[in-house]
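A.B. asks: Please see the structure below; I have some questions.
The values are calculated or read from the model by the stated rules, or taken from the named source; none is laboratory data. Just so it is clear, the structure is predicted and the values come from calculations on it, not from any experiment. Ideal geometry is used to build each Cβ from the backbone, glycine not excepted, and the neighbour counts take in all protein chains shown. Only protein heavy atoms, including side chains, enter the accessible area calculation; ligands, DNA and RNA are left aside. Shrake-Rupley method; radii C 1.70, N 1.55, O 1.52, S 1.80 Å.
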Amino acid sequence: MTDPTDPCLLFVGGAGNATLAVDVVETAMRQARARGLRIHVTNQEATLAATPTVGALADAVSVVDFERPGESAAWAREQAAAGAKFDIVFGVREMAQEAVAEVADALGRPGNPPHAVHRVRTKDEARAALAAAGFLQPAFRVCEDPAAAVEFLAGSTGPWVVKPRDAMGSEGVTRIDSRAELDDALAFLPGEGAFIVEEFIEGPEYSAEGVFIDGVPHVLAITSKELLPPPNFFETEYVIPALLPEAARLDIEKQVVAAFAELELCYGQFHAELWLTERGVVLGEFHVRNAGGWIHRMLAHVIPGLEWFGLVFDDVLGRPIDKEALRPVRGSAIRFPTPPPGRLVAIEGWEEVLAHPALLHAELAVAPGDIIEPHRSVENRVALIAVGADTPAEAQKLVRALDASVRFITEPVTHPPTAP
């Protein structure tokens, strides 16, 4: 174990109960250990119990509910009053970012201003702030009820996107082309309360992955995305670095860096979504966390030696960071297979994927007998294949070939007749 006098990392929110979430957190914890940090993890009780490998890597674990406003900050103040010293406050979960900021503020440690994190967690507030500063944004409206949505549609030109005000992973997001499709889109929203209707942006979608160094955003790479056709927004492929002209890449980086400054964000990792359009770069949602979709492993391949989480810890500890070394020199790509919905009968070709020497990670979430649902959000992902290569074009070609080589055999799901 570490020495009790070593600097301590307070890991707010720990890991979610999913393979990807646990891998992200364990990767971050190993990079913290490599820097001589002690680690204290907080999380909700049920999730701590469901993620025992995370707790096993920590020096201490405490039950604290990051989703209850103020609870994490109050707990941290009590710990500090009792003599605990937390040198770094950090978290990777989207829903924990406000708690991370509040704890850092309460302890006087480096972090993002709580009001700034709340603003980007509330999508419409971030959109309004960026639009007021002159950044291109989709026209939108926060709707409290269907009548407000109908009014927005009547006063604008479609298509449109209906989405939750506060969610992630394309959950509850639907493109609609007419008023007739609105009711189904509203039914797809998770939970109740206000939602957003905004204009649909025509153009390829990208994201910028990076880290703040000395309070300034540093873009590590641009990710290109491929999605299934509407109405939903199921992402099927990422390529890093994106196959972009140099001028377009530089324009994206310039816009993202300026937007983060406008939003008063300055700490940790970041993931910013955007589109390239005929009008220029149109900014989407901004996040002060690492990207999902196993991008943390892809980045580690394209930038050899990169420790994305470790950069945050080095920045707080005042250790030198060679920014010139933080450039992509190889390529990586990932595919999320989309087999036809139905009852899965068999899978062919998966063992060959697992044996491929360029494989970075592969995961199969279904087995024969399972029902494959329509692909509408990250919750419906059934598998993934991530590869590394010398160039992004080579990686994309390889991962598409591997995806095509796997055969998911399904059959229609038949339901017993309803009793009279």
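A.B. asks: Among Val256, Val387, Val345, which one shows the biggest mean-square fluctuation in a GNM of the chain, springs joining Cα atoms closer than 10 Å?
C.D. replies: With Cα springs under 10 Å in the chain, the top fluctuation among Val256, Val387, Val345 is at Val345.
A.B. asks: List residues of region 87-105, by number, whose backbone nitrogen lies under 17 Å from a label position 7 Å along Cα→C-beta of Ala46.
C.D. replies: 95-96
A.B. asks: Using the Cβ atoms and a cut-off under 10 Å, what net charge is assigned to the surroundings of Ile213, where Lys and Arg are +1 and Asp and Glu are -1?
C.D. replies: Result for the neighbourhood of Ile213: -2.
A.B. asks: Which percent of the accessible heavy-atom area of region 218-371 goes to carbon and sulfur, probe 1.4 angstrom?
C.D. replies: Roughly 53 percent, rounded to a whole number.
A.B. asks: Test of understanding: extend the Cα→C-beta vector of Ala133 to 7 Å, then name every residue of region 242-269 with backbone N under 11 Å from that spot.
C.D. replies: 255-266
A.B. asks: Let me ask something else about it. Using a 1.4 angstrom probe, figure out how much accessible area region 127-222 has per residue, in square angstrom, rounded to the nearest whole.
C.D. replies: Per-residue value: 42 Å².
A.B. asks: No solvent, one uniform scatterer per C-alpha: report log10 I(q)/I(0) for region 319-420 via the Debye equation at q = 0.16 1/Å, two decimals.
C.D. replies: Cα-only, vacuum Debye calculation for region 319-420: -0.75.
A.B. asks: What does the extension gain come out to for Glu144 and Ile371, with contour length at 0.36 nm per residue minus their alpha carbon separation?
C.D. replies: Full extension of this stretch gives 78.2 nm more.
A.B. asks: Extending each Cα 7 Å along its Cβ direction at Arg30 and Ile321, get the distance between those two points in nm, one decimal.
C.D. replies: 2.1
A.B. asks: Further question on the same structure: State the three equivalent ellipsoid semi-axes of region 156-229, derived from the C-alpha gyration tensor as the square roots of 5 times its eigenvalues, in descending order and whole Å.
C.D. replies: Here the semi-axes work out to 29, 16, 11 Å.
A.B. asks: Consider just the alpha-carbon atoms of the chain and return their Rg together with their Dmax, both in angstrom.
C.D. replies: So, for the chain, Rg and Dmax equal 22.0, 74 Å respectively.
A.B. asks: Still on this structure: Taking 0.36 nm per intervening residue step and subtracting the Cα-Cα distance, what contour gain separates Ala248 from Glu67 on full extension? List each step's numbers first, then the result.
C.D. replies: Numbers: separation 181, 0.36 × 181 = 65.16 nm, distance 3.85 nm.
Extra length from Ala248 to Glu67 when fully extended: 61.3 nm.
A.B. asks: What accessible area per residue, rounded to a whole number of Å², is obtained for region 40-117 using a probe radius of 1.4 Å?
C.D. replies: Details: 3400 Å² over 78 residues.
On a per-residue basis, region 40-117 sits at 44 Å².
A.B. asks: Using just the helices of the chain, give the 222 nm mean residue ellipticity in deg cm²/dmol: DSSP H runs with n ≥ 4 each add -39,500 (n - 2.57), and the total is spread over all residues, rounded to 500.
C.D. replies: Values: 14 runs with 137 residues, N = 420.
Dividing the helical sum by the residues of the chain leaves -9500 deg cm²/dmol.
A.B. asks: Run the numbers on the chain and let me know its relative contact order in percent, using alpha-carbon pairs under 8 Å that are six or more apart.
C.D. replies: 13
A.B. asks: Taking only Cα atoms and a 10 Å spring cutoff, compute GNM fluctuations for the chain and point out the largest among Met95, Met29, Met298.
C.D. replies: Result: Met95 has the largest fluctuation of those listed.
A.B. asks: For Met95 and Thr236, what is the calculated FRET efficiency with R₀ set at 25 Å and r taken between the beta-carbons, to the nearest 0.05?
C.D. replies: FRET efficiency, Met95 to Thr236: 0.50.
A.B. asks: Further, regarding this structure: Of the candidates Phe309, Phe152, Phe260, which one comes out as most mobile in a Gaussian network treatment of the chain with C-alpha springs shorter than 10 Å?
C.D. replies: Phe152
A.B. asks: What aspartates and glutamates sit close enough to Lys85 to cross-link, taking a C-alpha to C-alpha distance under 15 Å and skipping anything fewer than 8 places away on the same chain?
C.D. replies: Partners found: Asp3, Asp6, Asp59, Asp105.
A.B. asks: Starting from the Cα gyration tensor of region 29-76, multiply each eigenvalue by 5, take the square root, and state the resulting semi-axes largest first in whole Å.
C.D. replies: Semi-axis lengths for region 29-76 are 21, 14, 7 Å.
A.B. asks: Additional query: Taking the alpha-carbon distance from Lys254 and a cut-off under 25 Å, which lysines remain once sequence neighbours fewer than 8 residues away in the same chain are dropped?
C.D. replies: Candidates past the 8-residue exclusion: Lys123, Lys225, Lys323.
A.B. asks: Oh, and also: Under a plain spin-label model, where a point goes 7 Å from the Cα along Cα-to-Cβ, how far apart in nm are Arg77 and Glu363?
C.D. replies: For the pair Arg77/Glu363, the computed spacing is 3.8 nm.
A.B. asks: Taking the Cα centre of region 204-357 as the origin and placing charges on Cβ (Lys, Arg +1; Asp, Glu -1), which of Gly349, Pro328, Ala242 is farthest toward the positive end of the dipole?
C.D. replies: Projecting each Cα onto the dipole axis, the largest value belongs to Gly349.
A.B. asks: So if R0 is 25 Å, what FRET efficiency would Glu151 and Thr277 give, r being the distance between their Cβ atoms, rounded to the nearest 0.05?
C.D. replies: Efficiency for this residue pair is about 0.45.
A.B. asks: If you don't mind, another one. What are the semi-axes of the equivalent ellipsoid for region 256-396, taken as the square roots of 5 times the Cα gyration tensor eigenvalues, largest first, in whole Å?
C.D. replies: Values for region 256-396, descending: 33, 20, 15 Å.
A.B. asks: Run the simple label-point estimate for Glu264 and Asp6 please: 7 Å along Cα→C-beta, distance reported in nm.
C.D. replies: 3.6
A.B. asks: Over region 46-139, what percent of the accessible surface lies on carbon and sulfur atoms, probe 1.4 Å?
C.D. replies: 54
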